[in-house]
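The values are calculated or read from the model by the stated rules, or taken from the named source; none is laboratory data. Since we're looking at a predicted model, the values are computed, not measured. Virtual Cβ from ideal backbone geometry, glycine too; neighbours counted across all protein chains shown.
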């Protein structure tokens, strides 16, 4: 019985964490992913937006990206690149936490 209660408490903590993540994630997504997507759609040939596109592709594929490239961006685009990095980091953290939770559930037979 205690194991069930502990699991329920863990599920509640993860649910609360996921809700907080979604709230926080929405703030970043409004600044990062959505803005970048709109800008790239509007002018995909722009060299600065090509840099942002390469950054996104590198993050998604775990490929190398030359950090010095973002220093060539103007200030607003640089800030957008940083927002994208923050978003990706936050998303990776929560994805890893959920994978750990799933493994823990499987290990306990729950």
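Condition check: over 16 Å from residue 32 (Cα atoms), modelled with pLDDT of 95 or more and either surrounded by fewer than 12 Cβ atoms within 10 Å (Cβ to Cβ) or more than 16 Å from the chain's Cα centre (by Cα) (or both). Does residue 62 satisfy that?
no
Checking the condition in contact (Cβ under 8 Å) with a residue 60 or more places away in the chain and either in a helix (DSSP H, G or I) or out of contact with any helix residue (DSSP H, G or I) (no Cβ under 9 Å at 6 or more places or on another chain) (or both), which residue from 41, 87 passes?
Unique residue meeting the criteria: 87.
Looking at 81, 68, which is the one that is at pLDDT 90 or above, in a helix (DSSP H, G or I), on the phi < 0 side of the Ramachandran plot and surrounded by 15 or more Cβ atoms within 10 Å (Cβ to Cβ)?
81
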